[in-house]
Amino acid sequence: MAGGLLVSGAIAALFAAAIPAHGAGSSFEDPPADKIVIKVATVNGSGCPAGTAAVAVSADNTAFTVTYSDYLAQAGGNSDPTAFRKNCQLSLLVHVPAGFTYAIASADYRGFAALQRGASAVQRASYYFQGSSNTAFRNHSYNGPYNDSWQATDTTEWAQLVWAPCGVQRNFNINTELRVNAGSSTGTSFMAMDSTDGEIDTIYHLAWQPCPAK
């Protein structure tokens, strides 16, 4: 997986009309006509063993999707004591059309959780460009009893968007984490960013703006 995965083109699972287009200066720009290309530089973590995470880019350059196939944390019952926390750090090399910069405007996470009464779980994520400060983690909590699909969305206002440096190639890093706490429960509880009958996509929506003229 590390260093060699080149992904481009459309996938059917992407949400339609991910980012609206608005005027320049204070809102979203239209995405560039040229395609972006994403290479996975490194992938590390207990939630994304080698070969279990993949990336694809939407046809309209408004989003990219990370697909996990083995991302599950569990606690209680006969669970491995170390399985309560799973994490994944993706370092992506994003090639964007000349003259543009991008930021992550929102991120959608999906999965399935089965939490016993008294158990709880949290999904968290942060994002940063190579050489810049890590953003604060965004947390989404769930309490048992719970036995259903889950979806969490992180949204950033325009004024708080962190833009990729213009004219410099910097890797974009995504840190995600799942934690399950058995609490007062006695059975096994789990939270997954995957499923038994397919793969769950995590979708990152892009905002664009032109780089300043030199």
Original post:
If you roll a 1.4 Å probe over the heavy atoms of the protein chains, what accessible area per residue do you get for the stretch 31-115, in Å²?
Top reply: 36 Å²
**OP:** Scan around W150 for amide H atoms under 5 Å from its own, H built in the peptide plane at 1.01 Å from N, and keep only partners 5 or more places away or cross-chain.
**Re:** G111, F112, A113
Original post:
Separation between the C211 and D80 pseudo-spin-labels, each 7 Å from Cα along Cα→Cβ, expressed in nm?
Top reply: 4.3 nm
**OP:** May I ask for the Rg/Rh ratio of the stretch 55-208, computed from Cα atoms with Rh as the Kirkwood radius, given to two decimals?
**Re:** 1.03
Original post:
What residue among P165, N143, G77 has its Cα farthest toward the positive end of the dipole of the stretch 48-189, where the charges are +1 on Lys, Arg and -1 on Asp, Glu, each on the Cβ?
Top reply: G77
Original post:
Percent of accessible area on the stretch 64-125 owned by carbon and sulfur, 1.4 Å probe?
Top reply: 48 percent
Subject >> Rounded Å value of the spacing that divides the Cα centres of the stretch 33-73 and the stretch 138-197 >> reply: 15 Å
Subject >> About the Cα centre, charge dipole magnitude for the stretch 57-214 (Lys/Arg +1, Asp/Glu -1 at Cβ), debye >> reply: 500 debye
**OP:** Would you grab the residues whose amide H sits under 5 Å from the one on S185? Only those 5+ places off in sequence or on another chain, please, with H modelled 1.01 Å from N.
**Re:** A119
Subject >> the stretch 159-171 - phi-based ³J(HN,Hα) in whole Hz, Karplus 6.51/-1.76/1.60, Gly and Pro as x >> reply: 5, 9, 5, 9, 8, 5, x, 6, x, 9, 7, 10, 5
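The values are calculated or read from the model by the stated rules, or taken from the named source; none is laboratory data. The shown structure was predicted, so the numbers you read here are calculated from the model rather than taken from an experiment. Note that each Cβ is placed from the backbone with ideal geometry, even for glycine, and that neighbours are counted across all protein chains shown. The protein model used for the area step is the full one, side chains on, heavy atoms only, and it has no ligands, DNA or RNA in it. Shrake-Rupley method; radii C 1.70, N 1.55, O 1.52, S 1.80 Å.
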